[in-house]
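Asker: Have a look at the structure that comes next, please.
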Amino acid sequence: MIRPDAPVLLEIRDLHASVADQPILHGVNLTLRAGEIHAVMGRNGSGKSTLSKVLAGHPAYTVTGGSVLYKGADLLELDPEQRARIGLFLGFQYPVEIPGVSNLEFLRVSTNARRMEEGEEELDTFAFEDLVNEKLQVVQMDPAFLERSVNEGFSGGEKKRNEILQMALLEPVVAILDETDSGLDIDALRIVAGGVNHLAGPDNATLLITHYQRLLDAITPDYVHVMAHGRILRTGGKELALELEQRGYDWVDAEPAVLEAV
Amino acid sequence: MVAAPLTTSAPVAAPVHPWVAALLGALPAPAGLRPEITLSARAALAAAGLPSRRQDDWRFTDTAPIAAVAPQLLAPEALPELPPVAEGHHRVVLDGRPETLAAIAWPAGIEVLSADETRDALGRCLDPEGKAPDWPVLLQGACDAPVLALRVRGAVSEVLELVSEAGSGPGVLPVRVLLLLEPEARLELLQVHRSSGANLTSALVEADLGAGAELRHGVVANGGSESVLLARLAIRQQPGSRFALATVSRGWGLVRLEPRVVQSEGAAETRLRALQVVDEHQIADTHSRVRFEGPEGRLEQLHKVVADGQGRSVFNGAVVVPRLAQRTDASQLSRSLLLSDRARVDTKPELEIVADDVRCAHGATVSSLQEDELFYLRSRGIGAAEAARLLLRGYCQEILGDFPAGAALWQAPSFSGGPEEIRR
Amino acid sequence: MSSASVGELVSQPYKYGFITDIETEKIAKGLSEDVVRLISAKKEEPAFLLDFRLRAYRQWLQMEEPDWAALGYPVIDYQDIIYYAAPKQQQKKASLDEVDPKLLETFDKLGIPLSEQKRLSNVAVDAVFDSVSIATTYKEKLAEHGVIFCSISEAVKEHPELIEKYLGTVVPSNDNYFAALNSAVFSDGSFVFIPKGVECPMELSTYFRINSGDTGQFERTLIVAEEGASVSYLEGCTAPMFDTNQLHAAVVELVTLDDASIKYSTVQNWYAGDENGVGGIYNFVTKRGQCRGDRSRISWTQVETGSAITWKYPSCVLQGADSVGEFYSVALTNNRQQADTGTKMIHVGPRTRSTIVSKGISAGHSSNSYRGLVQIGPKAVGARNYSQCDSMLIGDQAAANTYPYIRSQQSEADIEHEASTCRISEDQLFYLQSRGIGFEQAVSMMVSGFCRDVFHQLPMEFAAEADKLLALKLEGSVG
């Protein structure tokens, strides 16, 4: 939903970043307003996953230039947990397994950390279980997964559902979903996409990072950005994704004019 | 669990152990490359006496078979018939005589080191941690064996077969080998120790692997009920090198194998595989130690035991990962089959880790043949004895498969046979 | 654990480090036959016990202090230790009202209320202060069931026949250097006797407190469960902060007869010394249980977080057919602490089974070793052991060592050992942080997750306690 007067939630300006002294992002510009769904597409190595990690504050990535404003305030100076508490959410491409740490406990501690930031009351064990049972329906997840260790032994689809469950609990302002569709079968994709659509609203924004069109069949983006060589090369509507689907990514390299234009 | 601390230095006035005294009396004056080392080894041996079970390193190992060996050097005798040389193998027989070494023609890529080079390199890999030498090293040093010192360049296409045949005579047969593998050199080595008498083979192999070098080292050790083998392998690995050791021992009254590997800057690959078979009153003891002196080293160790009769098996496997050895990936598995109620298995892994970003896993099992596996085979019509034979063969094959094909000629037919044959 | 409580915990120093200002009766420093006689006389002991002590003392004189564990500590001067210290309150009081209020206050501060109105429900407590037991709660209620729970000094007076029958039968006085020392000079400790067929109606607990700076603590605990009896017992320990080292050399003996079971849990939080390794307790303890009866069971659970040096191997001798031994351990070391701990499972009888789960966490410059022995004797047909030893390293200055000995003389036995080493990965931390969980809490969640298998074995209220303790101990060790 595009509303030109909607407030800007995330503003990325000329962002440069590197990992292990290797520059990856070479000046990314992107603005997310409330209510919008953006898709960033690009092939492997284009820098799109780096963008998501930098926004979430992964310690292995160093910002070497530019700025990111979250609701007008500097995002980059915050610790990862602080970013999460104020409403930034990263859905991981490969959610890690954390043996021994109960999923339920993890969800509760994290939800409470977000709630406290918002000045809401902490939920006790019972109140939280009610909440989590309600949210489980969004992703059609078996409550048995709550009793297990975080992501441990989960299938690819179960891990992604667990990510969306966390998103449902944390109610983020800006959700970044990194390759959420990878490794999902059709049914799982439908459920995950359903969850994302359900959670997208007029007051938040979503940034989908994806390789393929198929996720965008299920979640309609307002904007599609093509990323290559650490920059956003083209921006268009949802039809740009279809064009990519038909023509592949090679033309991105083949059109030097496009490069010049940036 | 309380044991006396290990000491190799005895009080000054202590009388020399009679076996050691007799051996020292029987040894000729040092004639080797480093007489001062020979003399200091003799002095240290006199002070140390025989290893004792009060020493932590020998706690589980009865050293009586050593004392039962005549304290003298083994006199060269006519060799028993050896199996034919396998295709692609280059055989060298080490009988303790310097003149034998001088007469050998070497395959392409292998050359004998000069006396100066040997003197310079000898002992370099032996004492990486600066500790007092252990007993088998002292014994070997005191015996002043002629040194087979070789340099390896490039890939050697033939399998180098080093045979030490102690035969049936009395006394000590010292065997000393030094290998310098130049960077990127490749060598396949098959070492054979045989004995049928009341004698002691004291073997010491040093190998220095240059960057990217590869040494595949097989040891086949077949002994008799009064034979003793004490073998130390001191290996130093430069980054990018690969060392793969496979050992199989059986029949010895006492066999002790001591592979000691140091990855001097990490980033090398070490693979240790061993099968030790004991029966009757035999004792087999492996004390391995792998130390990573730099990051990103790899170790894969599999130690297998078959213990029958009143045999004793000891395995002590140390893995040392100091702080600078980040991202080490080491695994050690010890599996023991205990086939008799009078046999005994002692297993003692030792993991010492000071780096936080490492993967070190180890495991140990001690059991008999698995009932369910036996049952599965029997339910397919295979008789109990045959089923046991098949399982045991499969169990051993995991190690035997690591040897060059020509090694089969040295394995008694037993290893393709069943448990009864293994016992022989 | 709520986020608030961890935040609160990680910002606290050792909170049990206070000293109670109370008049203490101490004997002069040093150890001699006269001192052994004096201790025995002060406690008005029968002749058999004095003989036991003297025999142990003479054996101790002949023994050498062990050094095989390669624990680095300065030589202990056994003549510079006080072997008996007691708060000046001559007789043990008939009622708690007569106990010095300062003592009650001390245990209140430690979270172990002894007064009637504040007591932990369903947990009977024996409180030991320096060398003597000052109070035991719920004694009458336990007596109704025939359960004896009292200080060992009282037991010597009131049940001498039981003490004579069992004392020193599991850990002989010459078992090792520190056990011999304890046998000679032990001052107090707890005695538990659960008669035939009785399931102890409540948790039993002993709380040990060292208060004096120059006193050694040598307590002795003996628990006997007769045929079909069962009991769950927990001990806790704290000490004030001193910059000198104090010696704690306890002996615990457990006996189970046919079908009996004892579950023994420890939360050990003696003072560990400061971050430079100054001060702290030397915790050299001998704990052993003997499953004498068929189908009996002994289970050790320990959470070891304190002491400058810990040296203990709670063990099970599995004599009875089908008897079961268990050992669940969490050992956390930080700063300059050294822990060398593990277990011995001695399988003697047929079809005996044992389980070992050990979790070691090393942080700072500490050293944490698992040392264990699984021994299967020739008569232990069908014996089984499963061991799992995991180490977690925090920082690259800490050491984790694993020495699991296995010795088997029985072909029809299965022994399985697994061990692994892990650390908290940057990706796991980032994942938790990106969900709003703070750094320290993320670490403490992962550490307690790592220990979960062991915490499950602790009685409920103590599991939470143990969890908090770990968070507290890890303060400042990461990042």
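Each reported figure results from applying straightforward, stated rules to the coordinates on display, with no laboratory input. Worth saying up front: this structure is predicted, and the values here are computed from it rather than measured. We place every Cβ from the backbone using ideal geometry, glycine too, and count neighbours over all the protein chains shown.
Asker: Hey, with R₀ at 60 Å, roughly what FRET efficiency would B:ALA408 and A:MET1 work out to, going by the Cβ-Cβ distance, to 0.05? Don't skip to the answer; put the middle values down first.
Answerer: On the way: r = 76 Å, r/R0 = 1.27.
Efficiency for this residue pair is about 0.20.
Asker: Take the Cα coordinates of chain A, assign each an equal point scatterer, and use the Debye formula without solvent to give log10 I(q)/I(0) at q = 0.10, 0.12, 0.13 Å⁻¹.
Answerer: Debye output, listed in q order: -0.49, -0.71, -0.84.
Asker: Another question, then. Quick one: plug the Kirkwood hydrodynamic radius of segment C:300-448 (C-alpha pairs) into Stokes-Einstein at 20 °C, 1.002 mPa s, and report D in µm²/s. Please list the in-between numbers first.
Answerer: Working: Rh = 16.3 Å.
So the translational diffusion coefficient is about 131 µm²/s.
Asker: So if we plug the beta-carbon distance of B:ARG342 and C:MET63 into 1/(1 + (r/R0)^6) with R0 = 35 Å, what FRET efficiency do we get, rounded to 0.05?
Answerer: Numbers: r = 34 Å, r/R0 = 0.96.
So, using R0 = 35 Å, E works out to roughly 0.55.
Asker: On to the next question. Two decimals is fine: what is log10 I(q)/I(0) at q = 0.04 Å⁻¹ for the protein assembly as shown, from a Debye sum with one equal scatterer on every Cα and no solvent?
Answerer: Calculated log10 I(q)/I(0) at the listed q: -0.28.
Asker: Could I have the simple spin-label model distance between C:LEU162 and A:ASP79, label points 7 Å from Cα toward Cβ, reported in nm to one decimal?
Answerer: Going from the C:LEU162 label point to the A:ASP79 one covers 5.3 nm.
Asker: What aspartates and glutamates sit close enough to A:LYS160 to cross-link, taking a C-alpha to C-alpha distance under 13 Å and skipping anything fewer than 8 places away on the same chain?
Answerer: A:GLU97, A:GLU152, A:ASP178, A:GLU179, A:ASP181, A:ASP185, A:ASP187
Asker: Same structure, new question: Go ahead and run the numbers for FRET between A:THR64 and A:ASP130, Cβ-Cβ distance against an R0 of 45 Å, rounding to 0.05.
Answerer: On the way: r = 46 Å, r/R0 = 1.02.
With a Förster radius of 45 Å, E is 0.45.
Asker: Sticking with this one: Quote the relative contact order of chain A in percent (integer), defining contacts as alpha-carbon pairs under 8 Å separated by 6+ residues.
Answerer: On the way: 486 pairs, mean separation 70.0, N = 262.
With pairs under 8 Å counted, the relative contact order is 27 percent.
Asker: Could you work out how much longer the chain between B:SER331 and B:ALA384 gets when fully extended? Use 0.36 nm per residue separation minus the Cα distance between them, nm to one decimal.
Answerer: Working: separation 53, 0.36 × 53 = 19.08 nm, distance 3.40 nm.
Additional length available on full extension: 15.7 nm.
Asker: Next question, about the same structure. Pull up the DSSP beta bridges for the protein assembly as shown and report the antiparallel fraction as a percent, rounded to 5.
Answerer: Details: 52 of 328 bridges.
Antiparallel bridges: around 15 percent, rounded to the nearest 5.
Asker: On to the next question. Quick one: what does P(r) look like for segment C:17-473 with 10 Å bins over all Cα pairs, in whole %?
Answerer: Once binned at 10 Å, the Cα pair distances of segment C:17-473 give 4, 21, 32, 28, 12, 2, 0.
Asker: Here's something else I'd like to know. Going down the table (A:LYS48/C:LYS359; C:LYS141/C:LYS165; C:LYS165/C:LYS379), which pairs top 30 Å between alpha carbons? Spell out each step's value before the answer.
Answerer: Numbers: A:LYS48/C:LYS359 40 Å; C:LYS141/C:LYS165 25 Å; C:LYS165/C:LYS379 27 Å.
As for pairs spanning more than 30 Å Cα to Cα, those are A:LYS48/C:LYS359.
Asker: Identify, among B:SER331, B:PRO71, B:SER367, the residue whose Cα sits farthest towards the positive end of the charge dipole of chain B, taking +1 on the Cβ of Lys and Arg and -1 on the Cβ of Asp and Glu, with the dipole about the Cα centre.
Answerer: Checked the options; the winner is B:SER367.
Asker: In nm, to one decimal, how far is the modelled label at A:ARG43 from the one at B:GLU280, with both set 7 Å along Cα→Cβ?
Answerer: 7.0 nm
Asker: Further question on the same structure: Specify the inter-centroid distance of segment A:10-58 and segment B:93-166, based on alpha-carbon positions, in whole Å.
Answerer: Each part reduced to its Cα centre gives a spacing of 61 Å.
Asker: In percent, what relative contact order does chain B have, based on Cα pairs under 8 Å that are 6 or more apart in sequence? Mind dumping the intermediate values first?
Answerer: Values: 1093 pairs, mean separation 43.9, N = 424.
Over chain B, the number comes to 10 percent.
Asker: Using modelled amide H (1.01 Å from N, peptide plane; none on Pro or chain starts), what sits under 5 Å from the amide H of B:LEU178, excluding residues fewer than 5 places away?
Answerer: B:LEU148, B:ALA149, B:LEU150, B:GLU206
Asker: Work out the P(r) tail for segment A:82-194: percent of alpha carbon pairs separated by more than 21 Å, whole number. Numbers along the way, then the final one.
Answerer: Working: 2050 of 6328 pairs.
Beyond 21 Å sits 32 percent of the P(r) for segment A:82-194.
Asker: A follow-up question, please. Going through the cross-link list C:LYS42/C:LYS102; C:LYS26/C:LYS263; B:LYS304/B:LYS348, which pairs have a Cα-Cα distance over 25 Å in this structure?
Answerer: On the way: C:LYS42/C:LYS102 23 Å; C:LYS26/C:LYS263 34 Å; B:LYS304/B:LYS348 13 Å.
Too far apart for the 25 Å limit: C:LYS26/C:LYS263.
Asker: Taking A:LYS71 as the anchor, which aspartates and glutamates have their alpha carbon closer than 15 Å to its alpha carbon, excluding any fewer than eight residues away along the same chain?
Answerer: Partners within reach: A:ASP5, A:GLU11, A:GLU36, A:GLU118, A:ASP203.
Asker: Please compute the modelled spin-label separation between B:ALA75 and C:LYS139, points set 7 Å along Cα→Cβ, answer in nm with one decimal.
Answerer: Going from the C:LYS139 label point to the B:ALA75 one covers 8.4 nm.
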